[in-house]
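Q: Dropping a structure here in structure tokens format, bear with me for questions.
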């Protein structure tokens, strides 16, 4: 595993812990199908939250939130439907969230949860 992959893996773990601390219940992590991957699937007060985690070591190439394009949000909506079909569950509301993880110092991260991005 290279440094970039390790940072991404650490970011996903921090994001999952952050979401749980905020009261979300994690249902699935790193769910894959032929069309792609969902980083975190969670429930937030009865709402299915499909969470994309973006981790960055700096903002040289933009913020983590800027890295989630319209195309990525559209793919996450399709993946949400595939996840629901795979598990045979229903939800009245589904939303796409982004959890940003930005390294601000050695071992120190700023984490933010942006709800309903797509």
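Q: Going by alpha carbons, how many degrees (0 to 90, nearest 10) lie between the helix axis of 3-21 and the longest principal axis of the chain?
A: Taking the Cα atoms of the chain, the angle to 3-21 is about 60 degrees.
Q: Between 46, 23, 88, find the one with the highest GNM mean-square fluctuation for the chain; connect C-alpha pairs within less than 10 Å.
A: Comparing 46, 23, 88 in a Gaussian network model of the chain, the most mobile one is 88.
Q: Ranked by Cβ crowding within 10 angstrom, fewest neighbours first, how are 40, 84 ordered?
A: 84, 40
Q: Return the whole-Å distance between the Cα centroid of segment 4-63 and the Cα centroid of segment 74-105.
A: Segment 4-63 and segment 74-105 have Cα centres spaced 9 Å from each other.
Q: At a threshold of 8 angstrom on Cα-Cα distance, excluding pairs fewer than six apart, so keeping six or more, what relative contact order does the chain reach in percent?
A: Once divided by the residue count of the chain, the mean separation gives 25 percent.
Q: Okay, next question. Determine the equivalent ellipsoid of segment 3-114 by diagonalising the alpha-carbon gyration tensor, then write out the semi-axes as square roots of 5 times the eigenvalues, largest first, rounded to whole Å.
A: Computed over segment 3-114, the values are 24, 15, 12 Å.
Q: Next question. How much mean residue ellipticity at 222 nm does the chain get from its helices, if each DSSP H run of length 4 or more adds -39500 (n - 2.57) and you divide by all residues, to the nearest 500 deg cm²/dmol?
A: On the way: 2 runs with 37 residues, N = 118.
Calculated mean residue ellipticity at 222 nm is -10500 deg cm²/dmol.
Q: Okay, moving on. Rounded to the nearest 10 degrees, what's the angle between the helix 70-87 long axis and the longest principal axis of the chain, both from Cα atoms, 0 to 90?
A: 50
Q: By count of other Cβ within 10 Å, fewest leading, how are 87, 61 ordered?
A: With the fewest neighbours first, 87, 61 line up as 61, 87.
Q: Of the beta bridges DSSP finds with both residues in the chain, what % are antiparallel, to the nearest 5?
A: So the antiparallel bridges in the chain amount to around 70 percent.
Laboratory data are not the source of any read-out in this text; all were calculated from the coordinates shown. What you see is a predicted model, and the numbers here were worked out from it, not measured in a lab. With ideal geometry, Cβ positions are generated from the backbone for all residues, glycine too; neighbour counts draw on all protein chains shown.
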